[in-house]
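Here is the structure we will look at.
The values are calculated or read from the model by the stated rules, or taken from the named source; none is laboratory data. Just so you know, these numbers come straight off a predicted model, no measurement behind them. For neighbour counting, all protein chains shown are included, and Cβ atoms are generated from backbone atoms with ideal geometry for every residue, glycine included. Protein only, heavy atoms only, side chains kept; ligands, DNA and RNA dropped before computing areas. Shrake-Rupley method; radii C 1.70, N 1.55, O 1.52, S 1.80 Å.
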Amino acid sequence: MPAETAIKDEHRLTQEEAFARIRLLRSPNVGPVSYRQLLARFGDARRALEGLPELDRSGKRSYRAAPSGKIEDEIAAARQAGARYLFHDSPGYPELLAQISGAPPILLYRGDIGLAARPCIAIVGARNASAAAVRLARTFAGELAAGGLAVVSGLARGIDGAAHEGALPATIGVIASGIDIAYPPQHEALQERVATEGLLLAEQPPGTQPRGSHFPSRNRIIAGLAQGTLVVEAAPKSGSLITARLAGEAGREVMAIPGSPLDARSQGCNLLIREGAVLVQSAADVVELVTGFGGNPRSSLREAAPEPYAYEDELADAEPADVEQLLTNAPVAVDELIRQSGSGAASVQLALLELELAGRLERGAGGKVRLAG
């Protein structure tokens, strides 16, 4: 198998199983939730790949997993980029990230993976940020890093870039592209510094250009890595607020720096504070909030997220429930489907897995599902 060093893992995975896991996750209609369900049902990725066709009962086509040659090319590209794979059950996989619903089963990384084991703070904000906010983000990040925290952000223009610059080398960049693609292009040098001095993470395969749907996925990783998310400056409808709400949903601290109500770039932060985010004015405020964080944030900007994968142990012996008639294109919680169907959780999840593999189901925020299209 080519490019063994890219998938060499520091735990019990064989090269064959690691290869099969990458191939499973890259197969059509397999996402983070269905990936883990397939591993739970079949025991390992190799058997899951063999069992995929029998779970796709749409009758419209013969299910085909991702071609082995495509995965060989991907691993070679990862090695060429100097990246390595991190699997969801590897010892180095970030503990807080593993706790969120839909955590990425496989990440690619460059740099010091040990940074992800430190207490982390996410700093996010506007791309077209004011000069004062950029300076503030850089200062906060530097002081937090000096205090032993790792600063997480998304390598975007504005607040993200300033946070990385201020925190280097104690910073983690999470990108929406492949590990070998610099985006935005003007941050190519900064991204390389993060990868060589800090830690760079990507969920997408090498060579993947960023698309709109990749950014919310990136944001969930940023929020999931951190004990708290600080929004420095943001408009009311922005990716930064999505990250903040994802952090709240995961039970993490949500913090915001207030600004003038006359500046549209401050309205998002002011809105978050009104809805329950904690107002902070210094890096010391942030440190106080997250010191000894035990999962009980002071911020009230949150709603309970579903417990991830509580049914895994039962999936191996489950039979699918008949739930398709309960679904529409409006999102619904899986717990509600379990209640209305009268079936067990594992049976409902297996039915949803079959629908997802057939391309007839979409999973959304908060663990909700709906019919595709």
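If you scan region 263-299, which residues turn out to be touching a strand residue (DSSP E or B) at 6+ places or on another chain (Cβ under 9 Å) and hydroxyl-bearing (Ser, Thr, Tyr)? Ser299, the sole residue that qualifies.
Determine whether region 66-83 contains at least one residue that is hydroxyl-bearing (Ser, Thr, Tyr) and open to solvent by less than 40 Å² (accessible area, probe 1.4 Å). Looking for residues that are hydroxyl-bearing (Ser, Thr, Tyr) and open to solvent by less than 40 Å² (accessible area, probe 1.4 Å), one finds none in region 66-83, hence no. For region 28-50, filtered to residues that are under 18 Å from Ser217 (Cα atoms) and more than 17 Å from the chain's Cα centre (by Cα), the residue that is surrounded by the fewest Cβ atoms within 10 Å (Cβ to Cβ) is Pro28.
Do we have Ser62 as assigned to a loop (DSSP other than H, G, I, E, B) and crowded, with 20+ Cβ neighbours inside 10 Å here?
On the way: assigned to a loop (DSSP other than H, G, I, E, B): yes; crowded, with 20+ Cβ neighbours inside 10 Å: no.
No.
Within region 254-295, take every residue that is modelled with pLDDT under 90, open to solvent by 50 Å² or more (accessible area, probe 1.4 Å) and assigned to a loop (DSSP other than H, G, I, E, B) and give me the one that is farthest from Leu136 (Cα to Cα). Here the answer is Gly294.
Leu357: open to solvent by less than 30 Å² (accessible area, probe 1.4 Å), of a type outside the set (Gly, Ala, Ser) and modelled with pLDDT under 90, yes or no? Give the steps one after another, and end with the answer.
On the way: open to solvent by less than 30 Å² (accessible area, probe 1.4 Å): yes; of a type outside the set (Gly, Ala, Ser): yes; modelled with pLDDT under 90: yes.
In short, yes.
Report whether or not Gly207 is more than 19 Å from Leu289 (Cα to Cα) and at pLDDT below 90. It is false that Gly207 is more than 19 Å from Leu289 (Cα to Cα) and at pLDDT below 90.
Within region 60-91, the set of residues being among the acidic types (Asp, Glu) and modelled with pLDDT of 95 or more comprises Glu72, Asp73, Glu74. Here Ser299 fits the description: assigned to a loop (DSSP other than H, G, I, E, B), modelled with pLDDT under 90 and closer than 30 Å to Thr243 by Cα.
Those residues that are of a type in the set (Asp, Glu) and either without any contact (Cβ under 8 Å) to a residue 12 or more places away in the chain or in contact with a Phe, Trp or Tyr (Cβ under 8 Å, 6 or more places away or on another chain) (or both), I need them from region 188-217; list them, please.
Filtering region 188-217 down to residues of a type in the set (Asp, Glu) leaves 188, 192, 197, 203.
Across region 188-217, the qualifying residues are Glu188, Glu192.
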